[in-house]
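Everything below concerns the one structure shown next.
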Amino acid sequence: MACAVSGSGHYEPMTTAEQWDAEAASFDDQPDHGLRDAAVRTAWADLLLPLMPPAPARIADIGCGTGTLSLLLSDAGHRVSGLDISPAMVALATTKVARAGYEPDVRGGDAAAPPWHPGSFDVVLTRHVLWAMDDPDAALARWIELLAPHGRLVLIEGRWSTGAGLSAARVCGLVRRYRAEADVTVLDDARYWGAPVSDERYVVVSRS
């Protein structure tokens, strides 16, 4: 766990929000975070947009970071609500969406306990969030509650060479505790990440 130096000179653990606040300024430097490269952005658009219902769908982008995927989906005509635990990320996402000409709907909050009412969304989207939850099963159950009837769950996850993360089999098992369907697409194409990858990266989609 990262630490910060207090006024007394003692090291104190950083909260999750503080850790992500510290990452916010450089977060978009990663090709898959900022989607600044046109080829990388196109790859993510080609992946995600066919997974969405017809626009304008109501989409919850949980753990939205700097709002890059929120903007991508807004550009496609969807109504996106973002959530992130980091105030710095929320500020950057709000600015990014507003500069593109959309009314930003981004708020601070814990991904494990989103502030929205059950049945509020047609899609719940997360990217590299489930693995970071203290209780992935409980978080997933809460996300599924947010879905309207026939709503879709789109979980982009991975298990990295460091050993962190969740395998596709584990995520599918969690999803199938609540839903009939959990389809996996492997994301091993370098176009998504800006460079070749050797670890397990994938998206799990549940439409029912």
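Computed from the coordinates by the stated procedures, all read-outs in this text should not be read as laboratory data. Keep in mind that this is a model prediction, so the values were computed, not measured. Heads up, the Cβs are rebuilt from the backbone with ideal geometry, glycines too, and the neighbour counts pull from every protein chain shown.
Working note: Debye formula, equal point scatterers on the alpha-carbon atoms of the chain, no solvent; log10 I(q)/I(0) at q = 0.08, 0.09, 0.14 Å⁻¹ is -0.26, -0.33, -0.83. When the charge dipole of the chain is built from unit charges on Cβ atoms (+1 for Lys and Arg, -1 for Asp and Glu) and taken about the Cα centre, the candidate among 140, 160, 67 whose Cα reaches farthest toward its positive end is 140.
Trypsin sites (Lys or Arg not before Pro), restricted to region 89-197: which are DSSP loop and have at most 14 other Cβ atoms within 10 Å? If you can, show how the numbers build up before the last one.
Values: sites: 96, 99, 107, 127, 142, 152, 159, 170, 176, 177, 179, 191; in loops: 176, 177, 179.
Of the trypsin sites (Lys or Arg not before Pro), the ones in loops of region 89-197 whose Cβ has at most 14 other Cβ atoms within 10 Å are 176, 177.
Please report, in cubic angstrom per residue, the volume enclosed by the convex hull of the alpha-carbon atoms of region 143-192. Numbers along the way, then the final one.
Numbers: hull volume 5.1 nm³, N = 50.
Considering the Cα atoms of region 143-192, their hull volume per residue is 103 Å³.
Here the contact order of the chain, divided by its residue count and restricted to Cα pairs under 8 Å and six or more residues apart, works out to 17 percent.
Fewest neighbouring Cβ atoms within 10 Å first, the residues 121, 27 line up as 27, 121.
Where both partners of a DSSP beta bridge lie in the chain, what percent of those bridges are antiparallel, to the nearest 5?
Details: 15 of 33 bridges.
Around 45 percent antiparallel, to the nearest 5.
Neighbouring Cβ atoms within 10 Å as the yardstick, rank 21, 75, 46 fewest first.
Values: 21 18, 75 15, 46 11.
Taking fewest neighbouring Cβ atoms as first place, the list is 46, 75, 21.
A cut-off of 5 Å between modelled amide H atoms, ignoring neighbours fewer than 5 places along the same chain, links residue 106 with 82.
When ranked by the protection proxy of mean other Cβ atoms within 10 Å per residue, highest first, what sequence do the peptides 79-88, 181-190 form? Working shown, then result.
Values: 79-88: 22.9, 181-190: 14.5.
Going by the mean number of other Cβ atoms within 10 Å, highest first, we get 79-88, 181-190.
Within the listed set 66, 42, 15, the residue fluctuating most in the Gaussian network model of the chain (springs between alpha-carbon atoms under 10 angstrom) is 15. Structural descriptor for region 87-182: relative contact order 23 percent, calculated from alpha carbon pairs under 8 angstrom and at least 6 residues apart.
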